[in-house]
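The values are calculated or read from the model by the stated rules, or taken from the named source; none is laboratory data. Values in this document were obtained by computation on a predicted structure and should not be read as measured data. Reconstructed Cβ throughout: ideal geometry from the backbone, glycine too, with neighbour counts over all protein chains shown. Please note that ligands, DNA and RNA were not included when accessible areas were found on the heavy atoms of the full protein model with its side chains. Shrake-Rupley method; radii C 1.70, N 1.55, O 1.52, S 1.80 Å.
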Amino acid sequence: MTTRVFRLVDNDIAAYASAVGDRNPLHVDGEFGRRSPYGRPVAHGALVVTLALGALAELLDPRTVHEIRVIFRQPTLPGRRYEIDWTVSDGRARGRVRFGDIEVVDIRCVLGAALPWCGPAAVGAELRTEPRVLGLGHLISPSGGPGRERGSYAIDYRQVSGLVARVIGGWIPEHLATVLGWASYWTGMCTPGRDALLVALTMRLRGSGCGAIKFETQEPEADRGSGLVTVRARSTRGAAADITVESLIREPVPGPDPAELAAVLPPSQDLAGRTILVVGGSRGLGAAVSIGLASQGARVLVSCTRVSHPLMEAASRYTGRLVPVLADVSDGWALQTALPDTPLDGVVLLAAPAIPNLSLAPDAIEPAAQFMAASTRLVFGPLSVCAPRLRPGATVVLVSSEAVVEPPRWWPHYVAAKAALEGLAKYLAHHHHWNVVVARPPRLWTDLTNTPGGRAASHPIAPVAAEIVTAFRSEDAGTGEVSIIGPDTQPWPSVAEEVRDAGDLRARQVVW
């Protein structure tokens with residue numbers, strides 16, 4: 001058994017993207033990454049496998065690898081310390097990439113004799129510079145899918161081998177690096193393209209070589225229920241291999257549905273004349289709450305860093321009731337400058353950072369501390385700015401989570417942050433004449449949970465938004481007690497931690 005440690009930085013990811021042609025924005029676009037559930041760009045899954053195979057070279061000649069099966073369980077984030085463990089026995093090798101005690105990638109190899117030469121390299125080809133955007137509708141439609149495709153593909157092997165040597169201190173044969181690079185490029189740039197998340201990869205190698213490969217893909221298979229897309233391909237020349245790439249399409253989160261919201265919160269003028277600030281109110285649950293408050297006649301100040309399309313559409317429907325306040329709420333002075341100098345009848349605190357999966361392990365101490373600090377700033381900052389503006393009897397809603405009641409396995413930092421928020425709510429109720437409310441929603445389908453596991457275990461937004469809006473009708477101001485709305489008080493279904501989809505996805509335990 002051997003263990004290697006590695007840590008990637010943004011420049012490593014950019015170098016790999018350039019070497020293999022996979023410039024998917026999830027890897028190289030900072031703004032796109034920040035809007036993802038991971039809060040920043042993530043490393044290519046194929047890069048992690050490439051590094052792992054480089055570490056395997058300490059135990060054996062990687063040219064004896066005949067078959068590779070990979071399951072991607074978690075994203076790999078730059079800046080974190082990861083460990084790769086390899087064990088070799090009876091013609092097989094197994095590698096595990098771990099962050100603390102969380103398994104990130106599982107790699108299984110079948111070993112054999114040296115592979116035969118598979119002929120001269122194919123002619124090089126130009127690669128895409130912009131990823132395709134293929135949704136399930138395109139792939140399922142008989143006439144809309146890309147069908148069978150063929151061509152040539154090459155990597156900058158010198159750049160990849162230099163990256164492996166620098167980061168992990170090992171080496172990888174050109175044919176393995178090229179096939180892995182193709183799998184990354186084809187998934188992230190071609191099929192499914194921009195919104196793909198790689199979940200599994202199988203390579204059966206029949207011959208080795210160097211230079212460009214010649215490849216042919218079969219028509220992709222797409223499952224409407226799970227969003228799983230399977231691409232089977234064969235390469236010849238440069239490297240001969242049978243390749244199966246499995247990925248999931250991360251579909252765009254739909255904006256709040258006004259009709260769905262109106263069904264549980266009929267429009268009224270019950271909140272006419274009130275001014276309410278919604279922090280983090282441009283997307284997801286925040287947008288639904290903002291629109292819901294406006295539908296009840298309130299003037300809503302929507303604190304956000306940019307105005308979303310759903311909010312723009314709603315603003316045209318509720319003229320003058322939805323007012324964007326563009327500021328980074330983690331910067332109290334910036335919010336104070338942007339906020340109109342007007343008394344407030346209430347505030348809803350919804351802003352939250354991306355939620356990484358962490359455990360109680362030394363490697364997780366720093367990211368956990370960073371997460372809890374960011375969570376605190378997004379609540380304490382705007383609340384401190386709003387306190388002088390809040391009228392006596394104002395309603396303050398702090399959005400917690402049912403995770404404080406049913407803690408998810410890999411979210412100790414999230415549970416701690418939400419418990420601190422609820423402690424702050426008790427302080428507010430005790431020392432201020434406000435109606436203080438804590439909402440504990442179940443997991444909802446938002447940008448922060450738009451992952452395979454997150455979507456499968458998510459619930460509708462409208463009922464939760466309606467209950468938060470209804471809290472502003474309360475007359476119980478300044479009682480000294482915190483009102484709780486959540487699974488114990490509302491008919492919201494509980495959230496399962498694991499993916500409930502049947503079959504293949506559940507077997508892989510994809511819990512991003």
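Remark on the stretch 268-500: Rg and Dmax equal 16.9, 53 Å (Cα only). Less than 14 Å from a label point 7 Å out along the Cα-to-Cβ axis of L360: which backbone N atoms in the stretch 390-423 qualify, by residue? Of the residues in the stretch 390-423, 407-416 have backbone N under 14 Å from the label point off L360. Sequentially through the stretch 105-119, phi angles give Karplus couplings (6.51, -1.76, 1.60; θ = phi - 60°) of 9, 10, 10, 10, 10, 9, 9, x, 6, 4, 6, x, 6, 10, x Hz, Gly and Pro residues having no value and appearing as x. The calculated FRET efficiency for T3 paired with Q159, based on their beta-carbon distance and R0 = 35 Å, is about 0.85. Carbon-plus-sulfur accessible fraction, the stretch 2-249 (probe radius 1.4 Å, protein heavy atoms only): 47%. Spin-label model, T87 to E58: label points 7 Å out along the Cα-to-beta-carbon direction sit 1.7 nm apart. The label-point distance for A420 and V307, in a model that sets each label 7 Å from Cα toward Cβ, rounds to 3.4 nm.
May I ask for the distance between the Cα centers of the stretch 370-423 and the stretch 205-273, given as a whole number of Å? Cα centroid of the stretch 370-423 versus Cα centroid of the stretch 205-273: 33 Å apart.
Between R128 and E103, what is 0.36 nm times their sequence separation minus the Cα-Cα distance? Round to one decimal in nm. Don't skip to the answer; put the middle values down first.
Values: separation 25, 0.36 × 25 = 9.00 nm, distance 3.24 nm.
Residue separation times 0.36 nm, minus the Cα-Cα distance, leaves 5.8 nm.
Structural size metrics of the chain, computed from C-alpha coordinates, are Rg and Dmax of 25.4, 81 Å.
Do the sum for the chain: with -39,500 (n - 2.57) for every DSSP H run of n ≥ 4, divided by all residues, what is the mean residue ellipticity at 222 nm, to the nearest 500 deg cm²/dmol? Walk me through the numbers on the way to the answer.
Values: 16 runs with 156 residues, N = 512.
Result for the chain: -9000 deg cm²/dmol, rounded to the nearest 500.
For the stretch 268-500, the carbon plus sulfur part of the accessible surface works out to 55%, probe radius 1.4 Å. 3J(HN,Hα) along the stretch 428-441, derived from phi through the Karplus expression 6.51 cos²θ - 1.76 cosθ + 1.60 where θ = phi - 60°, amounts to 4, 5, 6, 10, 10, 8, 10, 8, 9, 10, 10, 9, 10, x Hz, with x in place of Gly and Pro.
For the chain, the share of DSSP beta bridges that are antiparallel, to the nearest 5, is 70%. Modelled label positions at R94 and H430, each set 7 Å beyond Cα in the direction of Cβ, lie 5.1 nm from each other. Projected onto its three principal axes, the C-alpha set of the stretch 2-249 covers 48, 42, 31 Å, listed from the longest axis down. If only the Cβ of Lys and Arg carry +1 and only the Cβ of Asp and Glu carry -1, the dipole of the stretch 268-500 around its Cα centre is close to 440 debye. Each residue of the stretch 223-238 is assigned a 3J(HN,Hα), and the resulting list reads 9, 5, x, 9, x, 6, 10, 10, 10, 10, 9, 9, 10, 9, 6, x Hz, derived from the Karplus form 6.51 cos²θ - 1.76 cosθ + 1.60 (θ = phi - 60°), x at Gly and Pro. Rounded to two decimals, the Cα radius of gyration of the stretch 78-220 over 2.2 N^0.38 Å is 1.19. I'd like the distance separating the alpha-carbon centroids of the stretch 301-318 and the stretch 18-97, in whole Å. So the separation of the two Cα centres works out to 39 Å.
The residues of the chain expose on average 41 square angstrom of accessible surface per residue, using a 1.4 Å probe on protein heavy atoms.
Taking the stretch 150-241, which trypsin sites (Lys or Arg not before Pro) meet the DSSP loop condition and have no more than 13 other C-beta atoms within 10 Å?
Numbers: sites: R150, R158, R166, R194, R204, R206, K214, R224, R232, R234, R237; in loops: R194, R224, R237.
Hits after loop and neighbour filter: R224.
Amide H to amide H, with H built 1.01 Å from N, E67 comes under 5 Å of V110, L205, counting only residues 5 or more places away or on other chains.
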